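The values are calculated or read from the model by the stated rules, or taken from the named source; none is laboratory data. Worth saying up front: this structure is predicted, and the values here are computed from it rather than measured. Every residue, glycine as well, gets a Cβ built from its backbone with ideal geometry; the counts of neighbours run over all protein chains shown. When the accessible area is computed, the model is the full protein with side chains, heavy atoms only, and any ligands, DNA or RNA have been set aside. Shrake-Rupley method; radii C 1.70, N 1.55, O 1.52, S 1.80 Å.
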Amino acid sequence: MSAPLILATNSIKDTGYDVANSIRYNDGDSPQLTRINSSNGNLKNFTFSVWVKRSSGGATKRLLHCRNSGGSQFASIFFNSSDQLEYSSSDGSNSDNLVTNRVFRDFSSWYNIVVVWDSDSSTQSDRIRFFINGTRETSFATSDFPALNQESMMSKGTDASTIGLGFQSVANSEHFDGYMCEAVFLDGTTSTDASEFGEFNEDSPTIWQPIDVSGLTFGSHGYYLDFEDSSALGNDAAGSNNFTVNNLTATD
C-alpha cells in the first residue's frame, strides 16, 4: 500500500513542499466544521481532495457530507463500517453509490483521498472517480453511477444545504476520528488524475507526497482548508468560503 512520508508531528513533508499543519478530530468530542450552501455551485463537476490519517475504524466516519435540512437530498464521502471508502448521494429521486472492495485499516499512514464528480462525462464509469495515493481505484463492491448530467447535491443550495467536513451534517453524527490536512474542494473542476494534489517521490516512486495547491482554480463554492490559523481552523485559505468551528480548539 503506497503512503506518503510521515513525521512524528503528524505533519506531511517532502524536500520540495511542507504541510505545516493538520487538524485533529476526536470523535468523542463531536467536532464540527460546517458551512451553508445558500446558492447552487456547479452541480455537474467537482473535485474533493483531502489527506487523512485514521485513528479508529469499524464504524461509519464521514469525510465530507452535504444535506438539506429535510434530509431528502444529500451527498456523502465516508469510510463505512466495513472500512471501505464510499460515496453515496440522493436527490430525492435518483440514488448513487460507489463502494470500494479495498479496505482502509492502516492507522499508521496518511491516505490522500480524491473524489471526482463528473456527471456530464459520456462514459458512465467516469462520472464518479476515486484516487487513493495518486492511483485510480477500479475495483468496487458496489458501482451505481449517476445518470448523464445528474446534479450533485454536494454543491446544491436548495433548502440551505449544510456542508459538514468530518461529520454527518444535520444529524450531527458519525464524526471522523483522526487527522486531516489539505482539504480542497474545486467547484466546477474535474480532475483526470490526482496530480493537482500530489506527486510520486522521485527517489521512492511508490510514495505519494503532497504538493502546493494554492494556485488551483477553486470556483465560487470551492475552498482550501490548510488549518494554519489555530484561532480560525475553518479559514478558507483560497477565498471567503469559511467554515464555522464547533468543539475544536487551538490545541487540535
What residue, among those in the range 21-72 that are of a type in the set (A, V, I, L, M, F, W, C) and assigned to a loop (DSSP other than H, G, I, E, B), is surrounded by the fewest Cβ atoms within 10 Å (Cβ to Cβ)?
59
Among what's in the range 84-108 and is assigned to a loop (DSSP other than H, G, I, E, B) and either touching a residue at least 60 places away in the same chain (Cβ under 8 Å) or out of contact with any Pro (no Cβ under 8 Å at 6 or more places or on another chain) (or both), pick the residue that is most open to solvent (accessible area, probe 1.4 Å).
105
Among residues of the range 231-248 being free of Cβ contacts under 8 Å to residues at least 24 places away in the same chain and either farther than 18 Å from residue 20 by Cβ or in contact with a strand residue (DSSP E or B) (Cβ under 8 Å, 6 or more places away or on another chain) (or both), the residue least open to solvent (accessible area, probe 1.4 Å) is 236
Looking at the range 156-170, is at least one residue of a type in the set (S, T, N, Q) and in a loop (DSSP other than H, G, I, E, B)?
yes
Is there a residue in the range 121-135 that is touching an Asp or Glu at 6+ places or on another chain (Cβ under 7 Å), assigned to a strand (DSSP E or B) and over 22 Å from residue 41 (Cβ atoms)?
no
Return the only residue of 169, 173, 214, 220 being touching a strand residue (DSSP E or B) at 6+ places or on another chain (Cβ under 9 Å), crowded, with 23+ Cβ neighbours inside 10 Å and not aromatic (Phe, Trp, Tyr).
169
Just for the range 124-166: of the residues that are touching a residue at least 60 places away in the same chain (Cβ under 8 Å), closer than 24 Å to residue 67 by Cβ and open to solvent by 60 Å² or more (accessible area, probe 1.4 Å), which one is nearest to the chain's Cα centre (by Cα)?
151
Hits in the range 168-185 - residues which are at positive phi and among the polar types (S, T, N, Q)
172
Does at least one position in the range 109-120 carry a residue that is open to solvent by 60 Å² or more (accessible area, probe 1.4 Å) and in a strand (DSSP E or B)?
no
